[in-house]
Amino acid sequence: MSSLKHLLDNNRNWAERMELQRPGFFSQLAQIQSPKYLWIGCSDSRVPANEITGLDPGEIFVHRNIANVVVHSDLNALSVIQFAVDHLKVEHIMVVGHYGCGGVLAALRGTRVGLADNWLRHVHDVKLRHRRRLDHLSVADQEDTLCEMNVIEQVGNVALSNVLQDAWARGQKVAVHGWCYGLKDGLVNDLGVSMRGTHEVVNVFRNAFKRYPRPMQQL
């Protein structure tokens, strides 16, 4: 079994470097947690929320799972959203997928991966709902498009959760956004599905899929 000593050494070096560069950083960080952002992303190790957004520890609250899925039966995700909205008072929730997501590709191709197949059924359902907008595309375009569609669906799920509906009903200012991150260039693609209140959800959600047209014979 390999040793983890190098990770502990890296941690000490990082902590010392941070304290030299920004004296008092850790003592200040320990006092309060007041992020303005909640990141709901994929568990993929290549998609680190803080680094991508250029934020420090403490500036972004993070929840991650395979293929950045949000479903109303997942008490883990809902608890994170509820804590972020009701207690931390975040102002923005970003649902962030990424191109080349292994979970999305498995759902698209019908690849069996094990226990996670049950979880990825949610992504497979997204594929089935929008198959007429997907089937005519090239394989590469199908992969990227389903990654985006999955994000849009999850943005809708967050917006329709009782946490967000209650927050908006009491006038709390919190918005939900959908992004897709590019592993090949490090850039975030804003999918233009931001929702800032109950009155926006249906129209934003419906219009989001119009960018993926069906073939003419299926219209």
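The values are calculated or read from the model by the stated rules, or taken from the named source; none is laboratory data. Remember, it's a predicted structure, so these values are computed and weren't measured experimentally. Counting neighbours? That spans all protein chains shown, and the Cβs are built from the backbone with ideal geometry, glycine included. Note: accessible area is taken over every heavy atom of the protein model, side chains too, but ligands, DNA and RNA are not part of it. Shrake-Rupley method; radii C 1.70, N 1.55, O 1.52, S 1.80 Å.
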Q. Which sequence of SER194, SER161, SER73 reflects their accessible areas, 1.4 Å probe, from the largest down?
A. SER73, SER194, SER161
Q: Using DSSP to define loop residues, name the trypsin sites (Lys or Arg not before Pro) in segment 87-120 whose beta-carbon has at most 11 other beta-carbon atoms within 10 Å.
A: ARG112
Q. In debye, nearest 20: dipole of the chain around its Cα centre with unit charges on the Cβ of K, R (+) and D, E (-)?
A. 520
Q | Hypothetical label at ASP135: residues of segment 185-219 whose amide nitrogen lies under 16 Å (7 Å Cα-Cβ projection) | A | 213-219
Q. Looking at the P(r) of segment 111-219, how many percent of alpha-carbon pairs lie beyond 22 Å?
A. 41
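Let me know the shape class of segment 107-162, please: from the alpha-carbon gyration tensor, a ≥ b ≥ c as square roots of the eigenvalues, rounded when a/c is under 1.5, otherwise prolate if a/b is greater than b/c, or oblate.
Oblate shape, in that a/c is at least 1.5 and b/c is the bigger or equal ratio.
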Q | About the Cα centre, charge dipole magnitude for segment 1-68 (Lys/Arg +1, Asp/Glu -1 at Cβ), debye | A | 80
Q. Any idea what the dipole of segment 28-97 comes to, in debye rounded to 20, about its Cα centre with Lys/Arg Cβ at +1 and Asp/Glu Cβ at -1?
A. 40
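In terms of solvent-accessible area of protein heavy atoms at a 1.4 angstrom probe, what is the ranking of MET149, MET216, highest value first?
Final ranking, largest accessible area leading: MET216, MET149.
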Q: With a ≥ b ≥ c taken as the square roots of the eigenvalues of the C-alpha gyration tensor of segment 1-104, please select rounded if a/c is under 1.5 and otherwise prolate if a/b is larger than b/c or oblate if it is not?
A: oblate
Q. At 10 °C and 1.306 mPa s, what whole-number value in µm²/s does Stokes-Einstein give for the translational diffusion of the chain, with Rh from the Kirkwood sum over Cα pairs?
A. 84
Q | Choice from LEU191, LEU78, LEU55 showing the highest fluctuation, given a GNM over the chain with Cα pairs closer than 10 Å | A | LEU55
Q. Classify segment 48-116: rounded, prolate or oblate, from the alpha-carbon gyration tensor (a ≥ b ≥ c, eigenvalue square roots; a/c under 1.5 rounded; otherwise prolate if a/b is larger than b/c)?
A. oblate
Q) For LYS36, which aspartates and glutamates qualify as cross-link partners when the Cα separation must be under 14 Å and same-chain residues fewer than eight apart are set aside? A) ASP56, GLU59, ASP86, GLU91
Q | Farthest positive-ward along the chain dipole, Cα basis, beta-carbon charges - from ASN11, CYS180, GLY54 | A | CYS180
Q | MRE, 222 nm, helices only [DSSP H, n ≥ 4, -39500 (n - 2.57), over the chain, to nearest 500] | A | -14000 deg cm²/dmol
Q | Dipole axis of segment 96-219 (+1 Lys, Arg; -1 Asp, Glu on Cβ), positive-most option in GLY156, TYR99, ALA116 | A | GLY156
Q.
Going Cα to Cα from LYS210, which lysines come in below 18 Å? Please leave out same-chain ones fewer than 8 positions away.
A. LYS127
Q. At a probe size of 1.4 Å, how large is the accessible area of ARG64, to the nearest 10 Å²?
A. 90
